[in-house]
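What follows is a single structure, written as structure tokens, with notes after it.
The values are calculated or read from the model by the stated rules, or taken from the named source; none is laboratory data. These numbers were taken from a predicted model, which means no experiment stands behind them. All Cβ positions, glycine included, derive from the backbone under ideal geometry; neighbour counts span all protein chains shown.
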Amino acid sequence: MQCANAQKPDYPPTHGSLAAHRMITQSKVRVLLVDDQPANLVVLENVLADHDYELVRAGSGAEALRQLLLGEFAVVILDVLMPGLDGFETAKLIQQRAKSRMVPIIFLTAYQRNELDIIDGYAAGAVDFLSKPIDPIILQSKIAVFVKLFRQTEELHILNEALLNSQRELSESNGRLRDNNAMLDSFAYSISHDLRAPLRHALAFSSMLWESCQAQLSVEDQRRLHLVQDSVKRMSKMIDNLLGFCRACRSKYRKGQSIWRQLSEKFSSNCNLTSRDVR
């Protein structure tokens, strides 16, 4: 068991879901104990001593609020009857702060609860009531549930951050692919208009020359003219193949972009949970 003053734990940054999972499961989860009677705090510490929690004391409602400003807690065990800010007032202030709004609160009370007290307690933000003297097994079981939820929520936050990073990287990759695709379109346009036109003219001129001057051409000149026509046809075929390759690249890019977008949206819908969703 470790009792500590109000200091925010210095968790090292991690990368990757496996490292994040190890960091979360191995680090101590903080539990805030709030009671104006030191003896009651000792009882709570003894009940939770065998668990790997970092137990933080608060002797008043005001001190509990200061603790919650300085660090994150999986759960708050809050005495109802305290001088100054009582448990209900403290819980309402905890709920009003964005930083601590989602922290579950378990009320401890030494007197018999009536229906009005229970309603007021839940309205103040409690998730449960426990009566003194405390049943150790019940308290341990409840705290274990909230600690597990806290760790799952933290892991989801890290996974969500990793997902956002992946989406940003994917968006950057898509941007580069769009730029390359635009260059490919420009290249294909250049091939289609700037190269095909001269080849068509060369093929037409050589055909006209063959039809009009075939009888006057020597065998060697005829061979050379056929060579020119064959070369023009081969070049036209190469251009056709290159344009076909450009079209195929554009098609694969669009199909791949669609698949990645669908996968990203599906993964995001499955993983983008908040602490409110879990708790």
Could you look through the range 166-178, keep only residues that are without any contact (Cβ under 8 Å) to a residue 40 or more places away in the chain and of a type outside the set (D, E, K, R), and pick out the one that is nearest to Ala49 (Cα to Cα)?
-> Ser171
Boolean, Trp260 is modelled with pLDDT of 60 or more and either in the same structural domain as Met102 (by TED's automatic domain parsing) or hydrophobic (A, V, I, L, M, F, W, C) (or both) | no
Can you work out which of the residues in the range 56-73 that are over 18 Å from Phe88 (Cα atoms) and within 30 Å of the chain's Cα centre (by Cα) is surrounded by the most Cβ atoms within 10 Å (Cβ to Cβ)?
-> Phe73
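Conditions (1) among the aromatic types (Phe, Trp, Tyr); (2) over 19 Å from Cys246 (Cα atoms); (3) outside the structural domain of Lys28 (by TED's automatic domain parsing); (4) more than 54 Å from the chain's Cα centre (by Cα), marked per residue:
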position: Thr153; (1), (2), (3), (4): no, yes, yes, no
position: Ile158; (1), (2), (3), (4): no, yes, yes, no
position: Ser171; (1), (2), (3), (4): no, yes, yes, no
position: Asp185; (1), (2), (3), (4): no, no, yes, no
position: Gln214; (1), (2), (3), (4): no, yes, yes, yes
position: Ser218; (1), (2), (3), (4): no, yes, yes, yes
Does Leu68 fit the bill of being in a helix (DSSP H, G or I) and touching a helix residue (DSSP H, G or I) at 6+ places or on another chain (Cβ under 8 Å)?
-> yes
Condition check for Val127: of a type in the set (Val, Ile, Thr), in contact with a Lys or Arg (Cβ under 9 Å, 6 or more places away or on another chain) and assigned by TED's automatic domain parsing to the domain that holds Ser27 = yes
Kindly list, by first and then second residue, each pair from a residue in the range 56-76 that is among the aromatic types (Phe, Trp, Tyr) to a residue that is crowded, with 19+ Cβ neighbours inside 10 Å and part of a strand (DSSP E or B), limited to pairs with Cβ atoms under 6 Å and residues at least 6 apart or on different chains.
-> Phe73/Arg30; Phe73/Leu32
Those residues of the range 120-165 which are without any contact (Cβ under 8 Å) to a residue 12 or more places away in the chain and over 21 Å from Tyr53 (Cβ atoms) amount to Tyr122, Ala123, Glu161, Leu164, Asn165
